[in-house]
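Taking it in order: structure first as structure tokens, then the write-up.
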Amino acid sequence: MRRVCPSMRELLAFECAARNKSFTKAAQEMSITQGAISKAITALENFLELSLFKRNASRIELTVAGQNYLAAVFPLISSLEAATLAVKSNRGTQVRLTIASMPSFVERCLLPKFGDVPWSGVGADAARRPSSIFA
């Protein structure tokens with residue numbers, strides 16, 4: 001099946017590099033090599049078929065497309081981090097995770113990634129309801 005979403009590794013590398021404005025600083029923060037950051041960014045740019053960064057001799061800068069993509073991706077990564085922390089801190093209790101998103105993103109990107117999770121075994125329920133956020 002053809003991939004419709006970039007990998008989490010690529011998204012985290014992009015977010016970290018954009019926030020630090022440096023592949024080297026992003027690599028240090030993520031405890032990986034600068035080459036791994038560069039490879040992940042290149043893979044993401046190839047996947048999206050556009051440039052996310054302007055690369056100069058000693059610095060990087062987000063393109064307009066990169067700025068727009070960061071604005072869309074950053075809240076999603078923050079939500080995933082918050083959900084992970086909540087689950088880790090509330091082990092043994094039921095935690096509700098609410099994601100406000102376009103239905104197409106949920107169906108094409110999120111659900112395939114969580115397909116093997118035994119939702120019924122952990123007392124989780126899924127509710128689809130329209131959101132006024134996107135109206």
task: Find the residue count for the stretch 39-65, including only residues that are polar (S, T, N, Q) and at pLDDT 95 or above.
output: 4
query: Just a yes or no: is a residue in the stretch 84-107 of a type in the set (A, V, I, L, M, F, W, C), exposed (fewer than 11 other Cβ atoms within 10 Å of the Cβ) and modelled with pLDDT of 85 or more?
result: yes
- request: Identify the residue in the stretch 1-35 that is in a loop (DSSP other than H, G, I, E, B), of a type in the set (A, V, I, L, M, F, W, C) and surrounded by 13 or more Cβ atoms within 10 Å (Cβ to Cβ) and, among all such residues, is farthest from the chain's Cα centre (by Cα).
  value: Ile32
query: What are the residue pairs meeting all of these: first residue in the stretch 25-48, first residue closer than 14 Å to Leu12 by Cβ and free of Cβ contacts under 8 Å to residues at least 24 places away in the same chain, second residue of a type outside the set (Phe, Trp, Tyr) and crowded, with 16+ Cβ neighbours inside 10 Å, Cβ atoms under 6 Å, and 6 or more apart or on different chains?
result: Ala26/Cys16; Ala26/Ala17; Ala26/Asn20; Ala26/Ile37; Ala27/Ile37; Glu29/Cys16; Met30/Cys16
field: Criterion (touching a Ser or Thr at 6+ places or on another chain (Cβ under 9 Å), farther than 15 Å from Cys16 by Cβ and among the acidic types (Asp, Glu)) met by exactly one of Glu49, Glu45, Glu61
entry: Glu45
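Just give me the residues in the stretch 79-92 being out of contact with any helix residue (DSSP H, G or I) (no Cβ under 9 Å at 6 or more places or on another chain) and either polar (S, T, N, Q) or in a helix (DSSP H, G or I) (or both), in sequence order.
We begin by selecting, within the stretch 79-92, every residue out of contact with any helix residue (DSSP H, G or I) (no Cβ under 9 Å at 6 or more places or on another chain); these are 79, 81-92.
If the condition is that a residue be out of contact with any helix residue (DSSP H, G or I) (no Cβ under 9 Å at 6 or more places or on another chain) and either polar (S, T, N, Q) or in a helix (DSSP H, G or I) (or both), then Ser79, Glu81, Ala82, Ala83, Thr84, Leu85, Ala86, Val87, Lys88, Ser89, Asn90 are the ones that fit.
For the stretch 36-48, check the following and say yes or no: at least one residue is among the hydrophobic types (A, V, I, L, M, F, W, C), assigned to a helix (DSSP H, G or I), surrounded by 17 or more Cβ atoms within 10 Å (Cβ to Cβ) and touching a Lys or Arg at 6+ places or on another chain (Cβ under 8 Å).
Of the residues in the stretch 36-48, the ones among the hydrophobic types (A, V, I, L, M, F, W, C) are 36-37, 40-41, 43-44, 47-48.
If we keep only those that are assigned to a helix (DSSP H, G or I) too, we end up with 36-37, 40-41, 43-44, 47-48.
Retained after the next criterion (residues that are surrounded by 17 or more Cβ atoms within 10 Å (Cβ to Cβ)): 37, 40-41, 44.
Pick out the ones that are also touching a Lys or Arg at 6+ places or on another chain (Cβ under 8 Å) and you get 40.
Yes, the conditions are met somewhere in the stretch 36-48.
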message: Checking Val73 against (1) of a type outside the set (Asp, Glu); (2) closer than 22 Å to Lys113 by Cβ; (3) in contact (Cβ under 8 Å) with a residue 40 or more places away in the chain; (4) in contact with a Lys or Arg (Cβ under 8 Å, 6 or more places away or on another chain): exactly one of these is not met. Which one?
response: (4)
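The values are calculated or read from the model by the stated rules, or taken from the named source; none is laboratory data. Keep in mind that this is a model prediction, so the values were computed, not measured. Cβ sites come from the backbone with ideal geometry, for glycine too, and all protein chains shown count toward neighbours.
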